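**Q** Below is one structure. I have some questions about it.
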Amino acid sequence: MFSKMDKKTAGAVRAIIDNELPALLEKHGLKFTMGNGSFDSDSVKFNEFRISLANAKTQEEKALDQELEWRNGCYAGEHAPKKIDKTKIAKIDGKDYALYGYRPRAKKMPWIILDLQSEQQRLCTDVVAEKYWGVA
């Protein structure tokens, strides 16, 4: 039983959610994601708390689909953005990468790429994405 909310208690609440909620949601074909938390003297709030279908795309994957739809649907002209092929596998520094997601509010490195061997995500710039996944 908790009597006050502080950093330690907020961490314990997060651990409870991380440990117990996935099993409950999985029974119903659901999953959740949760961002950072903030607390005051008697409550804790977690940002970006989202419950979705188990097979649902992440927000970054949805944003990638929107970005590609926009880029690949643009007019062909001198100032048009370069078209991107999501199905390409790029070899960068001897590793295979695929496009995974997009962060529309990130100006410097909006593209999320996935190392296919380690399944680690990396960020890259428009220049890198257009170089390796661009359509000639």
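**Q** Could you tell me the largest-minus-smallest coordinate of the C-alpha atoms of the stretch 7-53 on each of the three principal axes, in descending order and whole angstroms?
**A** Extents along the principal axes: 35, 18, 13 Å.
**Q** Read phi for every residue in the stretch 125-134 and hand back ³J(HN,Hα) as whole Hz from Karplus 6.51 cos²θ - 1.76 cosθ + 1.60, θ = phi - 60°, with x for Gly and Pro.
**A** Each residue's phi maps through the Karplus curve to give 7, 4, 4, 5, 4, 5, 5, 8, 10, x Hz.
**Q** Provide 83, 88 in ascending order of the number of other Cβ atoms located within 10 Å of each residue's Cβ, fewest first.
**A** Details: 83 16, 88 13.
Listing 83, 88 from fewest to most nearby Cβ atoms yields 88, 83.
**Q** What percent do you get for the relative contact order of the chain when only Cα pairs under 8 Å and 6+ apart count?
**A** Values: 180 pairs, mean separation 21.2, N = 136.
That works out to 16 percent.
**Q** Remind me, what semi-axes does the stretch 26-103 give for its equivalent ellipsoid, largest first in whole Å, using sqrt of 5 times each Cα gyration tensor eigenvalue? Can you show the working numbers first?
**A** Numbers: eigenvalues 235, 58, 43 Å².
Rounded to whole Å, the semi-axes are 34, 17, 15.
**Q** Can I ask one more? In percent, how large is the relative contact order of the stretch 59-133, given Cα pairs closer than 8 Å and 6 or more residues apart?
**A** Working: 113 pairs, mean separation 19.8, N = 75.
So the answer I get is 26 percent.
**Q** If you find the alpha carbon centre of the stretch 18-40 and of the stretch 54-111, how far apart are they in angstrom?
**A** One Cα centre to the other: 28 Å.
**Q** Further, regarding this structure: How big is the stretch 59-133 in terms of Cα radius of gyration and Dmax, in angstroms?
**A** 12.1, 38
**Q** Collect residues whose amide H, placed 1.01 Å from N in the peptide plane, falls under 5 Å from the amide H of residue 102; neighbours closer than 5 in sequence don't count.
**A** The answer is 61, 63, 64, 112.
**Q** In addition: Report, please, the projected area of the chain averaged over directions, based on the convex hull of its C-alpha atoms, in nm². Could the numbers behind the result be given before it?
**A** Details: hull surface 46.0 nm².
With the hull built on Cα positions only, its mean projection is 11.5 nm².
**Q** Moving on. Between residue 131 and residue 59, what's the calculated FRET efficiency when r is the beta-carbon distance and R0 is 35 Å? Round to 0.05. Working shown, then result.
**A** Details: r = 25 Å, r/R0 = 0.73.
FRET efficiency, residue 131 to residue 59: 0.85.
Just so you know, all these numbers are worked out from the coordinates, no wet-lab data involved. No experiment lies behind these values; they were computed from the predicted model shown. Cβ coordinates were reconstructed from backbone atoms using ideal geometry, including for glycine residues, and neighbour counts include every protein chain displayed.
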